[in-house]
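J.: Let me begin by handing over the structure; questions about it come next.
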Amino acid sequence: MPTAAFSNLGCKVNQYETERMAESFEALGFTLTDFRQPADVYVINTCSVTADADRKSRQMARRAARQKDGAKVVLTGCFAQMALDTGEAVDGAALLVPNGDKMRTAAHVLAAFPELIQYTSSPANDQPAVFPESAPGGLISPESLVSRMGHRTRATLKIQDGCTYFCGFCSIPYTRNVMASRPFADVLTEARQMATVGTKEIVVTGVCVGAYGPSDGSGGEDLADVLVAVADIPSIERVRLSSVQPVEIPDKLIAAMATHPNIAPHLHLSLQSGDDTILKAMNRPYDTGFFAEIAGKLRGVMPRIGLTTDLIVGYPGETRELFENTLEFARKMQFARTHVFRYSPRQRTAAELLRDDVPYEEKERRHRELTAVCVATQEAFAAGDLGKTVDVLVEAKGAQEGWLSGYTGNYVRTQFAAPPHLRGRIVPVRLTEILPGGDAFGILED
Ligand code: SF4
């Protein structure tokens, strides 16, 4: 049987989609292999969030094409969608599959390369395919989940797609323009299946996950309902929400997080800038006052909630003075963890029309300064639990021989000495020290 290899570039939504795409290839009889090995088909789920992500997408396509003569290199995802829309030829790629149809990538491949497997049915139909299609007789079979998920203790569950916020720096509304929420029943069915294969933590995700629910106002389940329902599934010990827009945090969601013991006290609230002039220029739907108020509300009911975020330095028009406001606001907000990005123009975005007036060296300098501030707040946040015993989901080897590592509920990465068989379990660890960079160190109390 032909072999297929998958590579995921980008966000948790992409990661979820890549797993489901691989399953659909396996269900059709492909043998899955590692991306570094020769394969008949390579599928790359690309990203276009920064210029660097575009460069990596192009690089992966060229690399895959060199790995085996005649291999079919297939790209989908945001970079591929942008290439389709702008007519860019991608060196090494044999097929580009639209983002809105990526769940039918297997069918697209077999329609384009029928020599791979005798395959009759055509892929095209009028419904976008942004969520997994039902396998015969129901949703994804647990067996195929097992084969795909292996020992993944933390699983990503996509419930929503699309975004219409049109932030000035972001091309996603152009590359993921199907606003869709997955049926509540489907979400629960898949979450229960994940529980059957030993998943301990489910990360609920979407492109604009806060928009989950019927957009027609007809009521129906919303994001808070999803979190509670998934958290109620026996053997699921933790539910975590991935990145959410600060303006999509209703009281109902805060109450669900504050009261349900299995919902992780962690929220990735994407801020992007700590200056109101820049937030306005970015077309972000809030200012720093609003953001601080939401953070205050969350900390009011969950004092040890881990608030993590994204910040961009060097956005067009960001003077030294405006950047200082971001430094000051980051100090004030005391984030538990921060991703700091250097601004890079994205195709078709509003900011692409603005002069990229912050020199590269100055972006580098601001990136270093802001990162230093954010590492200090990360260390300070982690220190708030010193001496306490916290639950850690063990996911990986630690930084030293004999150590394991994993995340607490409020998203502090924790290292401790422990035997390898504890991987995949949630164990109690008493925190004794904060390591440089903000990880905590502790003693296993199991
Ligand atoms: S909310 Fe803004 S940054 Fe996030 S996906 Fe939508 S447009 Fe992009």
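The values are calculated or read from the model by the stated rules, or taken from the named source; none is laboratory data. A quick note: this is a predicted structure, and the numbers were derived from the prediction, not measured. When we count neighbours, we look across all protein chains shown, and the Cβ atoms used for this are built from the backbone with ideal geometry, even at glycine. All accessible areas refer to the heavy atoms of the entire protein, side chains included, with ligands and DNA or RNA removed. Shrake-Rupley method; radii C 1.70, N 1.55, O 1.52, S 1.80 Å.
J.: Across every pair of different alpha-carbon atoms, what Kirkwood hydrodynamic radius in Å does the range 324-446 reach?
T.: 16.4 Å
J.: Would you mind checking K252/K297; K200/K397; K280/K363; K158/K388 for any pair whose Cα atoms are more than 22 angstrom apart?
T.: On the way: K252/K297 12 Å; K200/K397 18 Å; K280/K363 20 Å; K158/K388 33 Å.
Table pairs above 22 Å Cα-Cα are K158/K388.
J.: Another question, then. Which value, in Å³ per residue, describes the convex hull spanned by the Cα atoms of the range 389-444?
T.: Numbers: hull volume 3.6 nm³, N = 56.
Output value, Cα hull per residue: 65 Å³.
J.: Calculate how many DSSP beta bridges within the chain are antiparallel, expressed in % of all such bridges and rounded to the nearest 5.
T.: Once the DSSP bridges in the chain are tallied, antiparallel ones form about 35 percent.
J.: Distance between Cα centroids, the range 285-335 to the range 1-59: provide it in whole Å.
T.: Each part reduced to its Cα centre gives a spacing of 35 Å.
J.: Cα-based Rg of the range 3-134 per 2.2 N^0.38 Å, rounded to two decimals?
T.: Against the empirical 2.2 N^0.38 Å value, I get 0.96 for the range 3-134.
J.: With +1 assigned to the C-beta of every Lys and Arg and -1 to the C-beta of every Asp and Glu, and no other charges, what is the dipole magnitude of the range 308-396 about the Cα centre in debye, to the nearest 20? Please report the intermediate quantities before stating the final value.
T.: Details: 13 positive and 16 negative charges, 18 e Å.
Approximately 80 debye in magnitude.
J.: Return the carbon/sulfur percentage of the accessible area of the chain, one whole number, probe 1.4 Å, all protein chains in place. Kindly include the intermediate steps, with their values, before the conclusion.
T.: On the way: 9920 of 18610 Å².
Carbon plus sulfur share of accessible area: 53 percent.
J.: Would you list the P(r) distribution for the range 153-276, with all Cα-Cα distances sorted into 10 Å bins from 0 and each bin expressed as a whole %?
T.: All Cα pairs considered, the percentages come to 13, 44, 33, 10, 1.
J.: Give me the accessible area of Y343, 1.4 Å probe, in Å² rounded to the nearest 10.
T.: We get 10 Å² for Y343.
J.: Oh, and also: Let me spell out the model: positive unit charges on the Cβ of Lys and Arg, negative unit charges on the Cβ of Asp and Glu, origin at the Cα centre of the chain. What dipole size does that give, in debye rounded to 20? Could you put the intermediate results ahead of the total?
T.: Working: 47 positive and 54 negative charges, 142 e Å.
My answer is approximately 680 debye.
J.: Which of the peptides 416-428, 304-316 is most tightly packed, and how do the rest follow, going by the mean number of other Cβ atoms within 10 Å of each residue?
T.: Per-residue mean Cβ counts within 10 Å order the peptides as 304-316, 416-428.
J.: OK, next. Mind checking the per residue accessible area of the chain for me, 1.4 Å probe, whole number of Å²?
T.: The answer is 42 Å² per residue.
J.: For the chain, modelled as a Gaussian network with Cα springs under 10 Å, which listed residue fluctuates most, P359, P173, P214?
T.: The residue that fluctuates most here is P359.
J.: Give the Debye-formula value of log10 I(q)/I(0) at each listed q (0.06, 0.10, 0.11 Å⁻¹), with one equal scatterer per alpha carbon of the chain, two decimals each.
T.: Debye curve over Cα of the chain, log10 I(q)/I(0) at q = 0.06, 0.10, 0.11 Å⁻¹: -0.26, -0.77, -0.95.
J.: Let me know the charge dipole size of the range 198-254 about its Cα centre in debye, to the nearest 20, where only the beta-carbon of Lys, Arg (+1) and Asp, Glu (-1) is charged.
T.: 240 debye
J.: Quick one: what are the phi-derived ³J(HN,Hα) couplings along the range 33-41, Karplus 6.51/-1.76/1.60 with θ = phi - 60°, whole Hz, x for glycine and proline?
T.: 9, 6, 5, 7, 9, x, 9, 6, 10
J.: Then there's this: Taking the range 158-383 as the region of interest, what is the percent of Cα-Cα pairs per 5 angstrom bin, listed from the shortest bin to the one with the maximum distance?
T.: Histogramming the range 158-383 at 5 Å steps yields 1, 7, 13, 17, 17, 16, 13, 9, 5, 2, 0 percent.
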